[in-house]
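Take a look at the structure set out below.
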Amino acid sequence: QGGIKIAMLSVEQASKHYEKNGATVKALDGVSLSIEPGEFVVVRGPSGSGKTTLLLLAGALLPPGSGEVLFENQNVYSMSREQRANLRATSVGFVFQQFNLIPYLSVLDNVLAPSLANPDPQAAQQAESLLERFNLGGRTSHLPAELSTGERQRVGLARALLKRPRLLLADEPTGNLDEDNAQTVLKSLADFAAEGGAVLMVTHSREAATYGHRAINLSQGKIVT
């Protein structure tokens, strides 16, 4: 078909401004980027540079004040709320620095949590094989409090991968991890991209950024070269 690749995600001239104590804070200020299937893009910048705001926009969680966010050429914020929720449920996986695990659910049930709204008979089997892949096969019945920090992040990654998303959004996924666990998580993100998925990761870490195909630097809501 002419070899034209459709970007998985396009952010076009997106801005998000807030009023704080009578002043305007420009969390994002005219940011544009696109990510194709199979690409691992890293966004670096200090705290307050707009990284998390960008991730929320990309994840169909926060509309921009101006500009557009397109997922496979569809304007995300022209969709209905239900369509956006469906996009998040089927096509976007999130990996957080704080893991966001449910403390009273077992490891296996935490991985299965996103699929509970649309139960899939194969989900439990897929969850168990993901946990095996992340060396957590013996921890399925444990609670999050019984896991190490690295194990909790691997549970979070398995949960994000369970629904076979096309886009993974990772917010400082190695921020709380030692070097070995950080490498496990980053290699898994790189593998996901190698299999045709798209990854957008925000990080402070120079080492983490080396796993991406390209890095974008954000400062005060703008992309700087």
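The values are calculated or read from the model by the stated rules, or taken from the named source; none is laboratory data. Just so it is clear, the model here is predicted, and its values are computed rather than measured. Quick reminder, even Gly has a Cβ in these numbers, built from the backbone with ideal geometry, and neighbours come from all protein chains shown. Side chains included, ligands, DNA and RNA excluded: accessible areas come from the protein's heavy atoms. Shrake-Rupley method; radii C 1.70, N 1.55, O 1.52, S 1.80 Å.
Screening the range 133-167 for residues that are out of contact with any Pro (no Cβ under 8 Å at 6 or more places or on another chain) and of a type in the set (D, E, K, R) and picking the one that is modelled with the highest pLDDT gives 146. Out of curiosity, is residue 170 modelled with pLDDT of 90 or more, open to solvent by less than 20 Å² (accessible area, probe 1.4 Å) and part of a strand (DSSP E or B)? For residue 170, the condition - modelled with pLDDT of 90 or more, open to solvent by less than 20 Å² (accessible area, probe 1.4 Å) and part of a strand (DSSP E or B) - is met. Determine, yes or no, whether residue 54 is under 15 Å from the mean Cα position of the chain (by Cα), surrounded by 15 or more Cβ atoms within 10 Å (Cβ to Cβ) and more than 17 Å from residue 166 (Cβ to Cβ). Considered against the rule, which asks whether it is under 15 Å from the mean Cα position of the chain (by Cα), surrounded by 15 or more Cβ atoms within 10 Å (Cβ to Cβ) and more than 17 Å from residue 166 (Cβ to Cβ), residue 54 comes out as yes. Within the range 140-153, the residues that satisfy the criterion of being open to solvent by 60 Å² or more (accessible area, probe 1.4 Å) and not small (Gly, Ala, Ser) are 143, 146, 152.
Restricting attention to the range 105-128, the residues that are under 15 Å from residue 156 (Cα atoms), open to solvent by 60 Å² or more (accessible area, probe 1.4 Å) and more than 21 Å from the chain's Cα centre (by Cα) add up to 1.
Scanning the range 201-216 for residues that are in a strand (DSSP E or B) and out of contact with any Gly (no Cβ under 9 Å at 6 or more places or on another chain) yields 214, 215.
On inspection, residue 181 fails the criterion of being in a loop (DSSP other than H, G, I, E, B) and touching a helix residue (DSSP H, G or I) at 6+ places or on another chain (Cβ under 9 Å). Please go through the range 184-196 and pick out each residue that is open to solvent by 10 Å² or more (accessible area, probe 1.4 Å), of a type outside the set (Ser, Thr, Tyr) and either assigned to a strand (DSSP E or B) or at negative phi (or both). 187, 190, 191, 192, 194, 195 - these are the residues of the range 184-196 that are open to solvent by 10 Å² or more (accessible area, probe 1.4 Å), of a type outside the set (Ser, Thr, Tyr) and either assigned to a strand (DSSP E or B) or at negative phi (or both).
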